[in-house]
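The values are calculated or read from the model by the stated rules, or taken from the named source; none is laboratory data. All figures in this text were calculated on a predicted structure; none of them were measured in a lab. Here the Cβ positions follow ideal geometry from the backbone for every residue, glycine too, while neighbour counts run over all protein chains shown. When the accessible area is computed, the model is the full protein with side chains, heavy atoms only, and any ligands, DNA or RNA have been set aside. Shrake-Rupley method; radii C 1.70, N 1.55, O 1.52, S 1.80 Å.
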Amino acid sequence: MTRAVSYLRCSGDGQITGDTWSRQQESIQKYATTHFVVVAAEFRDEGVTGKMELENRSGLSACIEYVQANGIKLVLVESSDRLARDMIVAEVIVREFQKIGVRVVTASGGVDLTEGDDTNPTAKLIRQILAAVSEFDRCVIVLKLRGARERAKARD
């Protein structure tokens, strides 16, 4: 059995009381069970936007410290957007995990986000495309919310 930790994140304060935690935990546990992984600890960042840098994420920072102190080489996230929703932030976080020899894998698709460097440019490209799509999704959501607020304000 492989030992791992899980990392969960939600950006909005309103999401903290919703189903985000159970949804992320369920996805990670399903992956863990299927792949003979034991989740030794869980780390969270509550109300932290996906474009927030590593140094401003206490949960992710604690996760990195824990895996280093306990020799764990695998971190599970529900999907790439739980790690970050900004391409540059995602790349910095991924490179930090690469530097310490820890894999970050998405439970939803089994994608190793830490795979790929200059010796494996295809994997690196896929990782960066996933990060770009997450950033795009965040921008679309922001635009939709802004439009909804403007329409509501116009009705008042």
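A few remarks follow.
- Note on the chain: antiparallel DSSP beta bridges, both residues inside, total approximately 5 percent of the bridges counted.
- In the context of the full set of protein chains, residues of the chain present 56 Å² of accessible surface per residue (probe radius 1.4 Å, heavy atoms only).
- In this simple spin-label model, placing a label point 7 Å from the Cα along the Cα-to-Cβ direction at both residue 35 and residue 92 gives a separation of 2.6 nm.
- Protein accessible area in the chain, 1.4 Å probe - carbon and sulfur %: 54 percent
- 151, 44, 103, reordered so the largest accessible area comes first (probe 1.4 Å): 151, 103, 44
- Whole-Hz Karplus values for the range 18-31 come out as x, 8, 4, 5, 5, 5, 5, 4, 4, 4, 5, 5, 4, 4 Hz, taken residue by residue from phi with 6.51 cos²θ - 1.76 cosθ + 1.60 and θ = phi - 60°; glycine and proline positions read x.
- Count of lysine pairs in the chain with Cα separation under 30 Å (8 or more residues apart, or interchain): 13
- Point-charge dipole on Cβ atoms (K/R +1, D/E -1) for the chain, about Cα centre, debye to 20: 360 debye
- Here the Debye sum runs over all C-alpha atoms of the range 45-117 as equal scatterers in vacuum, and log10 of I(q)/I(0) at q = 0.15, 0.21 Å⁻¹ comes out as -0.44, -0.91.
- Using a Förster distance of 30 Å, the FRET efficiency for residue 100-residue 136 (Cβ separation, nearest 0.05): 0.55
- Area projected by the alpha carbon convex hull of the chain, averaged over all directions, nm²: 9.9 nm²
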